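Colleague: Sending over a structure as C-alpha cells; questions will come in a sec.
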Amino acid sequence: MPTRLHKLIANCMIGKVIGGRYQIVQNLGSGGFGQTFLAEDLQLPDHHQCVVKHLKPATNDPAVLQIASRLFETEARVLHRLGSHDRIPRLLAHFEEEHEFYLVQELIEGDDLSNELIPTARSQDGYPVGRMNESQAIAFLLDVLEILAFVHQQGAIHRDIKPANLMRRRVDGKLVLIDFGAVKQVETATTISSTVAIGTEGYMPNEQAIGKPRSCSDLYAVGAIAIQGITGIPPSLLSENIETGELAWRESPKHGFCKYRANVSDEFAKIIDKLVKYDFRDRYQSAEDVLAAVRQLPLANSLNSASNHAQTYSQELTAIASTANSIEPTIVQTMPVTPPRDITQPKLRIWIGIGLVGLISAIAVISTIIFTRQSPAFKNSVSMTDNSAISPDRSITTNGKYRFLSERAITDNDLADKSLLELDIMRNEVFARYGRQFKDPELQSYFNSQPWYQPRYTPENFPTDLLTTTELKNVQYIREFQDRSAQNLNPSKNIANDLPDSQCDYTKRLISDPNPPINVRTGAGKDYPIAGTLDNGIQIKVEVEKQGWLKISAPIAGWVAANRTKSICF
C-alpha cells in the first residue's frame, strides 16, 4: 500500500520530463521498489501515451541498491523479449537517469479482471453466484494459458498473476498479461536467489512464498483465479481440507466462515485440482500440459479459444448498451463485462494500446455513459447540486455479500450456519457499504480487500442516520444473536464495535475458532513452521497485524491468523 512519502514523491514527478522525451502526466500506483506513471511521448505525434515505471529504492543500502539494479536489468531484458507477443505490453525504452531507473512500456486500454470476478448475484439459499460458468472458465484458461506457454518458453516466470494483472483489452476483448515487474529468468535463478519474494496472497503457492518460484507457480495462480470466477470467493478466503491440506474449493466445509460452492463437472474439477495442488511436484509442470488437458473437455470443443471469447465479450458489450434501462437480473447466467472507468479514479489501471475500431469505440462510449450514470461518484455529484435528487441512504453501494440486510428483516435461519467471524463481517458490512471505517484492524483489512468498499467516514464521524430502520434492526438482531452464541468466549461483546459506547482493546484478543486449537506459526503465513498451538478462550497479546496475520508476544511468540481471534470489548 502506498505511503504518504510515496504519494509525495509521485506528486513531485508530475510534469517532469525524463529521458528527454517522456513527460509524466499522472500517478498510476506504487509497489515494491517503484512507482508507475502515465506519461506522454513528446517526440511522437499527438504525444502518444505510455506507461513509465520508476524504480527508486527507498534506501541507500548498497545491498538493496544492488537488488534493485539487478531486478531492473532482468526486467528490461525479459520484457524486450516478451514484448513480441501480441498480448504482452511492448517495452519501448529503458534507461538510467540521475542514478534512478526507468522502464517505458506500451499502454493497453481496458479494465482488469478484478471487477469482472465480483459476484453480482446469489442463489436462493444464500450462496454467491460466480461470474463464470464452466464454459467461461474453460475459455479463461485457454486464453491465459496460451500467453503463459509463450512466457515460460522464453525462460521467464511472471510471479504475480492475479485479476489486477490481467487486462481485458477493449479493442478486441482479449486478455493481456501486464505488470512484469516481477519477471524472473529461470536460467539465472541460482544467481538471483530468493532474496526478493514477490506475489499476492491467495494466488501465490507455498514455494513462491519462500522465494523459490517455478513455472508451475504461475499455473497455481491461474487455477486460483478460475476458482474465484466460479465460486465468487477470493482464493485467500477459501477453506482447506482438514485431512489433506488442499483447497476445499468445490464446496465450503461446515467449519469454514465463508459460504460457497462450485457447479462444475468432475472432469473439469480434476484439472483445477491439479493446478492448485499444495506440493508443486503434484501440479501440471507446463502450460502446454494444461492446455492439452483442457482441450480434451467436451465443452472445450465448442470454444475457439481466445478469439471466441473475445467475440463473446463484444456481444456482451452490445447487450449492455441495448439494455441500459432494464432491471438487473437476480441471477447472472453469463459473465458481465465491466464498462470502462474514468482515468482520474485513484485505483485506475488503464493501459492504452492500439486505437479502437469504429464500432467497438461507439459501444465503449455508450458503456462509459451507462457506468458513469450508475456510479457512486455520479450520484454524489447529483446530490451536491440538487439535495432533493437523492436521499442520503441512496449513497449505499449495491455490492456486498449480504445485501439482503438492507432489503428485509432477518431471522435466526439467516444466521444459524455462520461462524462468529462471519457474523461480525455480516453485521459490519451494512456500515461498510455506507463507507464507514473500522477501529478493528481485522475488519478494516477485510473490507479493504473488497473492491466495492469506498471508505468515507471515520468510526467517530459516521452518521448513523444513514441506515434505514430495517438495517438498524438487522444490525441489532445480529448483535443479540452473537451474544447468545458466543457462550463463554466473552459473550457480552464481540469484535468490531458498531455503537459509539462500545470500546475494545485491540492489543489483546481471544482465540476463537470453529475448529480449535489453532496453530501459532513462526511467520505470517500458513507455510511457516508451527511454533505451538492455542485453544479457544486463551488471551493473546498482539504486536502488529500483517495481511490477515497477527504477530503475538504472549503466551507464545509467533503469528496467528487474525480471523481465528476476536477482540476483547467492554
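Colleague: Would you please give the residues with an amide H less than 5 Å from that of residue 126, counting only those at least 5 places away or on a separate chain, with H modeled from the backbone geometry?
Modeller: none
Colleague: Determine the principal axes of the Cα atoms in the stretch 34-84, then give the extent along each, sorted from largest to smallest and rounded to whole angstroms.
Modeller: Cα spread of the stretch 34-84 along its principal axes, largest to smallest: 42, 25, 14 Å.
Colleague: Suppose a student asked you for the relative contact order of the stretch 90-178, using Cα pairs under 8 Å spaced at least 6 residues apart; what percent would you report?
Modeller: 29 percent
Colleague: Rounded to whole Å, give me the distance from the Cα center of the stretch 399-475 to that of the stretch 41-61.
Modeller: 41 Å
Colleague: If you take the Cα atoms of the stretch 27-135, find Rg, then find the Kirkwood Rh from the mean of 1/r over all pairs, what is Rg/Rh?
Modeller: 1.14
Colleague: Can I ask one more? So for 12, 216, 50, fewest C-beta neighbours within 10 Å to most, what's the order?
Modeller: On the way: 12 10, 216 26, 50 23.
If I rank by nearby Cβ atoms, fewest first, I get 12, 50, 216.
Colleague: If you don't mind, another one. Can you tell me the length gained on complete extension of the stretch residue 14 to residue 295, counting 0.36 nm per residue apart and subtracting the Cα distance? Mind dumping the intermediate values first?
Modeller: Working: separation 281, 0.36 × 281 = 101.16 nm, distance 4.79 nm.
Roughly 96.4 nm would be gained on extension.
Colleague: Under the 0.36 nm per residue contour assumption, what length would be gained going from the current alpha-carbon distance of residue 59 and residue 263 to full extension?
Modeller: Details: separation 204, 0.36 × 204 = 73.44 nm, distance 4.97 nm.
Using 0.36 nm per residue and subtracting the Cα-Cα distance, I get 68.5 nm.
Colleague: How far, in nm, would the chain grow between residue 201 and residue 476 when pulled straight, counting 0.36 nm per residue and subtracting the alpha carbon separation?
Modeller: Computed gain between residue 201 and residue 476 is 95.6 nm.
Colleague: Once label points are set 7 Å from the Cα along Cα→Cβ at both residue 416 and residue 254, what is their separation, rounded to one decimal in nm?
Modeller: 1.3 nm
Colleague: Just to confirm the filter: which GluC sites (Glu not before Pro) across the stretch 85-151 are DSSP coil and have at most 11 other Cβ within 10 angstrom of their Cβ?
Modeller: Counting only loop positions with at most 11 other Cβ atoms within 10 Å, the GluC sites (Glu not before Pro) in the stretch 85-151 are 98.
Where a number appears in this text, it was derived from the coordinates with a stated rule and is not lab data. What you see is a predicted model; the values in this text were computed from it and never measured. Virtual Cβ from ideal backbone geometry, glycine too; neighbours counted across all protein chains shown.
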